[in-house]
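The values are calculated or read from the model by the stated rules, or taken from the named source; none is laboratory data. Just so it is clear, the structure is predicted and the values come from calculations on it, not from any experiment. We place every Cβ from the backbone using ideal geometry, glycine too, and count neighbours over all the protein chains shown. Areas reflect the complete protein model, heavy atoms only, side chains present, ligands, DNA and RNA absent. Shrake-Rupley method; radii C 1.70, N 1.55, O 1.52, S 1.80 Å.
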Amino acid sequence: MLSSSINSALRGSSVIRAMFNEGREMAAKFGAENVYDFSLGNPVTPAPEKIGTEIKRVIDSYDSLTIHGYMANAGYIEVRDKIADNLNRRFDTKFSGKNIVMSVGAAGGMNAIMKSIIDPDDEILVIKPYFGEYRGYVTNFGGKIVECESFKDSFQPDLADIESKINKRTKGIIINTPNNPTGVIYTDETLKALSALLLKKEKELGTDIYLISDEPYRELVYDGVKENFLTGFYHNTFVVYSFSKSLSLPGERIGYVVIPDEMESAGEVQGGVEIAIRMLGYVNAPSLMQRVVAECVDEKTDVAFYDENRKMLLDALTEYGFSCVKPQGAFYLWVKSPVEDEEEFVNAAKKYHILFVKGSAFGCGGFVRIAYCVSHETIKNSLPGFKELASDFGLLK
Ligand code: PLP
């Protein structure tokens, strides 16, 4: 018999995955070109050419044991050194490979951190709307998710609400900027104020409160916005990174965690995260991909491609009367539902073979998320359907 937690996960299961499956069924019925599936954050831009070249080079240059064998749980030190150098060049940091732990994507990194810091009933704060998978990452280890508010127009975190929710059981707060699902980037002002708040609360309560910065969209920013790096803002910061979106490698499961020297008992925490990786059964991040990404840290995905999608969708939907948050990063458009129950809106869109995800999957009803990491044609061809949808809801003037 299944455990009660898996049973309830099966019932509540990922809304996003369910939509993705529905899209596949629709595509089989109506033809893939007639279905506009905006449900999943699966990047459509190809991985940079260098990824393929490096895979071949790595296979040709090492013996089998060196590429495919076991290694330290944190990953190859030469790979971690290269990642540290890359961060130091870009963000004026002073990391060495010892500050980096290679992980099984961002999800693997987040789970290793949660396993390392959570005791049963400890609380992890998240800011609405948030990536729904955080619920599992926290409850996997007996922790509790505590939802905090953001401001409804800017979707910047509401610091007064966060302050009111911090107590002795607060182990950390997850932030994600550029944000999935809003596309919003938290301002420097907000991040500095959040850091000051966490520092104040640590002193008041005599505890460590970790800032866990989940950054799979770090380089996916538009309009020349500067990429942030948070370890400079607050001492107890974990940075979690993934190559899933930045190099279009989500199936390869490769990322890393940064543990800065400034973190309280950094060496011990580092050891804890490494043991957690082993205890969780990941053992280490995929070995071949570690060697590959080490040579591809300066590669970039085609941000201009997503920017074109962003503009096309934002301009058209705004013209049709939808109220959208202008994305500053990532590849999601956050749209206000024209009716209170956004599920009605999601279901109405299916009539035009358009699939997107309800906001309540991100802890924030009344909105929907449109993932525009799709082909230009998908966007173009979906627009007449969006126009009809706007007309159905009386938005079109
Ligand atoms: N965090 C956020 C905010 C995401 O959007 C995703 C994937 O969509 C992840 C984490 C998981 O990333 P990965 O595929 O690297 O595990």
Just wondering, is there one or more residues in the range 56-68 that are touching a residue at least 60 places away in the same chain (Cβ under 8 Å), within 22 Å of Val257 (Cβ to Cβ) and assigned to a loop (DSSP other than H, G, I, E, B)? no
Being under 18 Å from Glu215 (Cβ atoms) and either without any contact (Cβ under 8 Å) to a residue 60 or more places away in the chain or among the acidic types (Asp, Glu) (or both) is the requirement here; does Glu274 meet it? no
Hey, Met19 under 25 Å from Leu383 (Cβ atoms) and touching a helix residue (DSSP H, G or I) at 6+ places or on another chain (Cβ under 9 Å) or not: yes
Picking from Phe322, Phe331, Phe305, the residue that is of a type outside the set (Ser, Thr, Tyr) and within 17 Å of the chain's Cα centre (by Cα) would be Phe331
Please report, ordered by residue number, the helices (runs of 4 or more DSSP H) entirely within the range 74-165 with at least 1 residues that are in contact with a Phe, Trp or Tyr (Cβ under 9 Å, 6 or more places away or on another chain) and open to solvent by 40 Å² or more (accessible area, probe 1.4 Å). 77-91, 105-117
Given the conditions (1) open to solvent by less than 50 Å² (accessible area, probe 1.4 Å); (2) of a type in the set (Val, Ile, Thr); (3) at pLDDT 95 or above, which single one is not true for Thr53? (1)
Selection from the range 326-357 of residues that are within 16 Å of the ligand (Cβ to nearest atom) and of a type outside the set (S, T, N, Q): Pro327, Gly329, Ala330, Phe331, Tyr332, Leu333, Trp334, Phe356, Val357
